[in-house]
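The values are calculated or read from the model by the stated rules, or taken from the named source; none is laboratory data. Quantities reported herein were computed from a predicted structural model and do not represent experimental measurements. Note that each Cβ is placed from the backbone with ideal geometry, even for glycine, and that neighbours are counted across all protein chains shown. Please note that ligands, DNA and RNA were not included when accessible areas were found on the heavy atoms of the full protein model with its side chains. Shrake-Rupley method; radii C 1.70, N 1.55, O 1.52, S 1.80 Å.
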Amino acid sequence: MTTRRNELNFSGGPGALPATVLEQTQRAIEALPETGLSVLGMSHRSEWFLALVDEASRNLRNLLGLSEDYEIAFMQGGSSLQFATIPMNFAGLPFAPPQYVSSGYWSRRATAEAQRVYQCGVAWDGAHSHHSELPELAKLDIDPRAAYLHYVSNETVEGLQFGAQEAPSNVALIADMSSDFLSGTVDTDRYSMIYAHAQKNLGPSGVTVVLVKRALLERIPDGLPAILDYRTHITHHSNYNTPPVFAIYVLTLVSRWLRDDIGGLRAMGAINERKAAMIYGTLETLGDAVRIHAKAPWRSRMNVAFSFGDEQLDRDFVEFAGERQMTGLEGHRSIGGIRASLYNAVTEQATASLCETIRDFAAKRL
Ligand SMILES: *Cc1c(COP(=O)(O)O)cnc(C)c1O
């Protein structure tokens, strides 16, 4: 098998990683510059790892402008574990049922999982539009006694993104930002909790970042299994049991890349805006020959879900792009079609190549 080009990876996740991060990771598997040992054999009790966790937290805090009111934890179990632990920790009496925005595949999964723990309300359901649009959060009618309002900031499968918008101010807000975390600036003060696994924008799978307001931690009932209690991870500085050392290492490299090579989240956001404009612009020139899943105001800058309106044509496109070394373009198994994911590490140049490929395919086949 010939080596494929990592920079042409448009996968929905695990996603592309910056070339410089892959190079440093390769060297670190041989020997870390700081310790001379392979990163894969580094003890989680070593000074090196304790300093690494500190740096990762500090870099995230600085990138996001996160205030000291928030704790940061690095956890395992992916975002799916968060779906279950959030209601265990933060719902229940004296609060009214937590409310969930059901806007697509991942928020449906989050809601279903929370329902197994507590009765939850659905604050809005996008099923009527086949999940092609999103609500205005501030206009939702939420019981102020609700434990929290949960939503998914970017629906990875359908390619829908909330973007910056007003949020309801009368209820604790919790967001799954797994697929758009660190893709641009975010007004973190609005949230009681933000979580995001690493494998879309921040690193390999295995670690999930949790930002949680101290005030929310006071709600946690006693008696939860220690590993499911957020306080355990915070008190032990994300080192309660063996953490995913390798994943946290790569995440730290990505945070340095964002800070030093990209220049922060404002710059990253501008790059992502340009990439998205390029690809939606290209698709729009094809008129009726292409169907973009998300309606215009809600189109994601991270995941572009579209179809040529015919399964065979969609498969042919994926194959056509594959001949040009492009990978990861198949749509999610739940909706089919094509999905181009433009995570942080996908460059403007790679995006331009994809646009050219779409134009060439259209000229040949449509
Ligand atoms: C991919 C994805 C998930 C699933 O996360 P796991 O780490 O596989 O559990 C959850 N939420 C969103 C928004 C996702 O994109």
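Since only 14, 142, 303 are under comparison, the one whose Cα sits farthest along the positive direction of the charge dipole of the chain, derived from C-beta charges on Lys, Arg, Asp and Glu, is 14. A cut-off of 5 Å between modelled amide H atoms, ignoring neighbours fewer than 5 places along the same chain, links residue 121 with 99, 100. Average accessible surface for the stretch 22-260: 41 Å² per residue, computed with a 1.4 Å probe over protein heavy atoms with every protein chain in place. Overall, the anisotropy analysis places the chain in the oblate class: the square-rooted eigenvalues a ≥ b ≥ c of its C-alpha gyration tensor yield a/c not less than 1.5, with a/b not exceeding b/c.
With a 1.4 Å probe and every protein chain kept in, tell me what percent of the accessible surface of the chain is carbon plus sulfur. It is 49 percent, rounded to a whole number.
Taking all Cα pairs closer than 8 Å and separated by 6 or more residues, the relative contact order of the chain comes to 23 percent. Taking a ≥ b ≥ c as the square roots of the eigenvalues of the alpha-carbon gyration tensor, the stretch 264-365 is classed prolate because a/c is 1.5 or more and a/b outweighs b/c.
Highest mean packing first, where packing is the average number of other Cβ atoms within 10 Å per residue, the peptides 295-304, 92-101 line up as 295-304, 92-101. Highest-first packing order for the peptide set 24-32, 276-284 is 276-284, 24-32, based on the mean count of other beta carbon atoms within 10 Å. Of all beta bridges that DSSP places with both ends in the chain, some 60 percent have antiparallel geometry. The 3J(HN,Hα) values that the Karplus relation (6.51, -1.76, 1.60; θ = phi - 60°) gives for the stretch 308-323 are, in residue order, 8, x, 7, 4, 5, 4, 4, 5, 5, 5, 4, 5, 4, 5, x, 5 Hz. Gly and Pro appear as x.
Roughly how far apart, in whole Å, are the Cα centres of the stretch 61-88 and the stretch 26-48? Between the Cα centres of the stretch 61-88 and the stretch 26-48 lies a distance of 26 Å. Taking chymotrypsin sites (Phe, Trp or Tyr not before Pro) across the stretch 317-347, none is in a DSSP loop with at most 11 further Cβ atoms lying within 10 angstrom of its Cβ. Estimated purely from DSSP H runs of n ≥ 4, each contributing -39500 (n - 2.57), the mean residue ellipticity at 222 nm for the chain is -11000 deg cm²/dmol once divided by its residues.
Put a dot 7 Å past the Cα of residue 115, heading toward its Cβ, do the same for residue 170, and the two dots end up 2.6 nm apart. For residue 146, nonlocal amide neighbours, meaning residues 5 or more places apart or on other chains whose placed amide H falls under 5 Å from its own, are 96. Taking the charge dipole of the stretch 264-365 about its Cα centre, with +1 at Lys and Arg Cβ atoms and -1 at Asp and Glu Cβ atoms, the residue from 344, 334, 355 reaching farthest to the positive side is 344. Specify whether the C-alpha gyration tensor of the stretch 95-204 places it in the rounded, prolate or oblate class, a ≥ b ≥ c being the square roots of the eigenvalues: rounded for a/c under 1.5, otherwise prolate if a/b is larger than b/c and oblate if not. Rounded, because the longest to shortest axis ratio a/c is under 1.5.
Residue by residue, the stretch 206-223 carries 3J(HN,Hα) couplings of x, 9, 10, 8, 10, 10, 9, 6, 4, 4, 5, 5, 5, 7, 5, x, 6, x Hz when phi is fed to the Karplus relation 6.51 cos²θ - 1.76 cosθ + 1.60 (θ = phi - 60°); x denotes Gly or Pro. Note on the chain: dipole from Cβ charges, positive end direction compared against 210, 268, 29; the farthest Cα belongs to 29. Karplus-based coupling profile of the stretch 121-133, in residue order and whole Hz: x, 9, 6, 6, 10, x, 4, 4, 10, 6, 6, 10, 8, with θ = phi - 60° in 6.51 cos²θ - 1.76 cosθ + 1.60 and x standing for Gly or Pro. Across the stretch 264-365, the mean sequence separation of Cα contacts (distance under 8 Å, 6 or more residues apart), normalised by length, yields a relative contact order of 32 percent. In loop segments of the stretch 100-170 as defined by DSSP, the GluC sites (Glu not before Pro) with at most 14 further C-beta atoms inside 10 Å of their C-beta are 136, 166.
Taking packing as the residue-averaged number of other Cβ atoms within 10 angstrom, the listed peptides 74-87, 219-232 run from highest to lowest as 74-87, 219-232. The charge dipole of the chain, taken about its Cα centre with unit charges on the Cβ atoms of Lys, Arg (+1), Asp and Glu (-1) only, comes to about 160 debye.
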